[in-house]
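Okay, so here's the structure we're looking at.
The values are calculated or read from the model by the stated rules, or taken from the named source; none is laboratory data. Worth saying up front: this structure is predicted, and the values here are computed from it rather than measured. Note that each Cβ is placed from the backbone with ideal geometry, even for glycine, and that neighbours are counted across all protein chains shown. Just the protein is used for accessible areas: all its heavy atoms, side chains included, with ligands, DNA and RNA removed. Shrake-Rupley method; radii C 1.70, N 1.55, O 1.52, S 1.80 Å.
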Amino acid sequence: NKADGSFYTIKKNAGKVHEVEYKAPKNKKQTKIAVPDSIKINGATYKVTSIAKSAFKNNKNLKTIIIPATVRSIGKQAFAGCKNLKSIIIRTPYLTKKSVGAKAFKGISSKAVIKVPKKQLKAYKKLLKTKGVAKDVKIK
C-alpha cells in the first residue's frame, strides 16, 4: 500500500488494531525521512509498528531518519550501508535485542549522532553497538 507515497505492508494480527510495516521510501533521493507513527489507508488508520528488513539498505542519499514512538521492531540491515546517515532520532522506547535485526545499523556514517529516549540511553547504547553501530558514533 502506498499511503503517503512510501511503501507499507499491512500486518496480520488479532483484534481491531491495524498495523503496518514501513517497507521502503517513496523516493530514494530523499535526504530526510520521518517514518510516520500512523497512516491512513482507505479511511482506516494504521499504526506503523515496524521497519522492514533492508528498508533503506545502501541508500546513499539518506542523511536523517526519525523513528517514531510506535515502532517496536527494526528488520535486519534496515539501515545497512547508509554511509551518509548522520542523524538518527529514535523516539521509541520499545526496541530490544530481539526486536532489532542483525546489522540493522552497519555501515552508517562514523560521524553519526543517534538521539534516543533518555530512559533508554544506557540500554540503547549497548543494543545499538551490537547491531552494527561503529564505536565513533555518538549516542545521546
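Here is how the numbers come out for the structure above:
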{"item": "Subset of the stretch 63-79 (residues that are under 20 Å from A102 (Cβ atoms) and of a type outside the set (V, I, T))", "result": "R72, S73, G75, K76, Q77, A78, F79"}
{"item": "Residue satisfying condition, being over 17 Å from K129 (Cβ atoms) and open to solvent by 20 Å² or more (accessible area, probe 1.4 Å), within set S110, S73", "result": "S73"}
{"item": "Residue that is more than 23 Å from K125 (Cβ to Cβ) and not in a loop (DSSP other than H, G, I, E, B), where the choices are I65, I33", "result": "I33"}
{"item": "Every pair of residues 6+ apart whose Cβ atoms lie under 9 Å, when the first sits in the stretch 43-67 and is among the aliphatic types (A, V, I, L, M) while the second is part of a strand (DSSP E or B) and open to solvent by 70 Å² or more (accessible area, probe 1.4 Å)", "result": "I51/K23; A52/F7; A52/K23; A55/F7; A55/K23; L62/K32; I65/K32; I66/K32"}
{"item": "Filter result for the condition that a residue is under 17 Å from Y8 (Cα atoms), assigned to a strand (DSSP E or B) and in contact with a Gly (Cβ under 9 Å, 6 or more places away or on another chain), over S54, S50", "result": "S50"}
{"item": "Residue among N27, N58 that is of a type outside the set (V, I, T), at pLDDT 95 or above and either at positive phi or open to solvent by 20 Å² or more (accessible area, probe 1.4 Å) (or both)", "result": "N58"}
{"item": "Qualifying residue in the stretch 71-81 (condition: part of a helix (DSSP H, G or I), modelled with pLDDT of 95 or more, under 22 Å from K138 (Cα atoms) and aliphatic (A, V, I, L, M))", "result": "no"}
{"item": "Residues located in the stretch 111-120, provided they are part of a helix (DSSP H, G or I) and more than 17 Å from the chain's Cα centre (by Cα)", "result": "K118, K119"}
{"item": "For A24: the one exception among (1) more than 23 Å from K129 (Cα to Cα); (2) in contact with a Pro (Cβ under 7 Å, 6 or more places away or on another chain); (3) aliphatic (A, V, I, L, M)", "result": "(2)"}
